[in-house]
Amino acid sequence: MRVINTKELIPVVNDLVKKACIDLDDNLMNALKQSILLEESELGKEVLETLIENANSAREKQVACCQDTGIAVVYLEIGQEVSWEGANLTDMINEGVRQGYGEGYLRNSVVGDPILRENTKDNTPAVIHTNIVEGSEVKITVMPKGAGSENMGRASVLKPADGVEGVLNYVIETVENAGGKACPPLIVGVGLGGTMEKSTLLAKEALKRPIGDRNPISHIAALEEELLQRINDLGIGPIGIGGRVTALDVHIETFPCHIASLPIAVNLQCHANRHASKVI
Ligand code: SF4
């Protein structure tokens with residue numbers, strides 16, 4: 001058994017928060033550059049160039065790439081041969097979030113009570129997801145999620161008879177309803193199957209995949225391609241000003257489900273596709 005003191009998570013989460021909010025990764029930057037070649041509208045091309053310039057400037061000046069630095073979503077993939085010691089693990093993750101948002105001068109956007117809506121003033125608590133995997137390492141991923149794109153996601157339980165057409169229509173309708181509000185070009189995460197809550201978790205998990213990556217199941221990969229094509233036929237375009245590039249990619253994650261149900265969730269990610277990971 002490998003023993004890890006939970007305090008080790010504080011500096012890791014601190015660094016990942018700042019890295020994610022300030023330094024958009026090469027995968028996204030390359031996808032934005034490629035999308036200029038696909039964009040047919042001159043104004044759309046200009047918007048994409050501005051997004052790239054903005055991201056480069058944020059990296060150079062070490063400031064946030066968007067004013068909405070999000071709520072921190074933190075994933076822990078914990079090897080089953082790891083044993084924890086020390087203080088409460090959730091508290092240590094939140095301490096890392098607190099330090100990262102403070103040191104990075106990142107906007108605190110979290111309210112403690114959804115009705116009373118008082119700002120917690122340090123962007124805690126984080127939304128934490130844990131998963132037990134093989135091995136003796138821990139992979140930590142921080143994904144700050146802005147409200148503009150998060151607010152336009154949807155979840156439902158379709159009837160199995162709705163079939164593939166029902167799935168395609170649901171995803172396309174979600175993107176169409178979002179229009180420019182979710183700050184396209186988007187990465188569209190789709191969770192299909194499981195139960196109502198499982199599909200929403202899958203939809204967000206799907207956003208962690210690199211742009212250009214395809215689901216290993218061939219008919220699901222084909223659905224990803226078809227959705228990308230049909231979403232980009234909608235004409236919403238970069239930032240919603242009209243154009244060809246509404247989405248950079250569509251990722252679908254699936255899970256077995258009950259014979260009588262077809263849960264579906266769509267989680268939209270804006271062009272500030274922020275996530276950073278580290279393995280300890
Ligand atoms: S949706 Fe994304 S790009 Fe738009 S304001 Fe929110 S974080 Fe920023």
Handout entry: Carbon/sulfur fraction of accessible area - the stretch 148-272, other protein chains in place, 1.4 Å, %
Key = 58 percent
Handout entry: Karplus (6.51, -1.76, 1.60) ³J(HN,Hα), θ = phi - 60°, over the stretch 19-25, in Hz, Gly and Pro reported as x
Key = 4, 4, 6, 9, 10, 5, 6
Problem - Furthest towards positive pole of dipole, Val171, Ser261, Gly240, structure part the stretch 148-272, Cβ charges - result: Gly240
Handout entry: Inverse mean reciprocal Cα-Cα distance (Kirkwood Rh) of the stretch 148-272, Å
Key = 14.0 Å
Exercise for the section: About the Cα centre of the stretch 148-272, how large is the charge dipole given +1 on each Lys and Arg Cβ and -1 on each Asp and Glu Cβ? Please answer in debye to the nearest 20. Expected result: 200 debye
Exercise for the section: Positive end of the charge dipole of the chain (Lys, Arg +1 and Asp, Glu -1 on Cβ, about the Cα centre): tell me which of Val12, Val142, Gly112 has its Cα farthest that way. Expected result: Gly112
Practice task
Mind ranking 137-145, 159-167, 6-14, 93-101 by how tightly packed they are, going by the mean number of other C-beta atoms within 10 angstrom, highest first?
Solution key: 93-101, 137-145, 6-14, 159-167
Exercise for the section: Please list, or write none, the lysines whose alpha carbon is within less than 16 Å of the alpha carbon of Lys145, excluding same-chain residues fewer than 8 places away. Expected result: Lys18, Lys19, Lys181, Lys204, Lys208
Fill in the blank from the handout: With +1 at each Lys and Arg Cβ and -1 at each Asp and Glu Cβ, the charge dipole magnitude of the stretch 49-196 around its Cα centre, to the nearest 20 debye, comes out at 400 debye
Handout entry: Selection from Gln229, Val127, Gly191, by position along the positive dipole direction of the stretch 126-280 (Cβ)
Key = Val127
Completion exercise
With -39,500 (n - 2.57) per DSSP H segment of 4 or more residues and division by the full residue count of the chain, the 222 nm estimate, nearest 500 deg cm²/dmol, is -12500 deg cm²/dmol
Fill in the blank from the handout: Computed for the chain: size of charge dipole around the Cα centre, +1 on C-beta of each Lys and Arg, -1 on C-beta of each Asp and Glu, debye to nearest 20, value 400 debye
Practice task
Would you give the gap between the C-alpha center of the stretch 90-137 and the C-alpha center of the stretch 19-42, rounded to a whole Å?
Solution key: 27 Å
Fill in the blank from the handout: So the FRET efficiency between Glu173 and Glu42, C-beta based with R0 = 30 Å and rounded to 0.05, is 0.55
Problem - For the stretch 148-272: accessible area per residue (Å², 1.4 Å) - result: 41 Å²
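The values are calculated or read from the model by the stated rules, or taken from the named source; none is laboratory data. Computed from a predicted structure; not experimentally measured. Neighbour counts are summed over all protein chains in view; Cβ atoms, including those assigned to glycine, are modelled from backbone coordinates with ideal geometry. Calculation scope for accessible area: heavy atoms of the full protein, side chains included, ligands and nucleic acids excluded. Shrake-Rupley method; radii C 1.70, N 1.55, O 1.52, S 1.80 Å.
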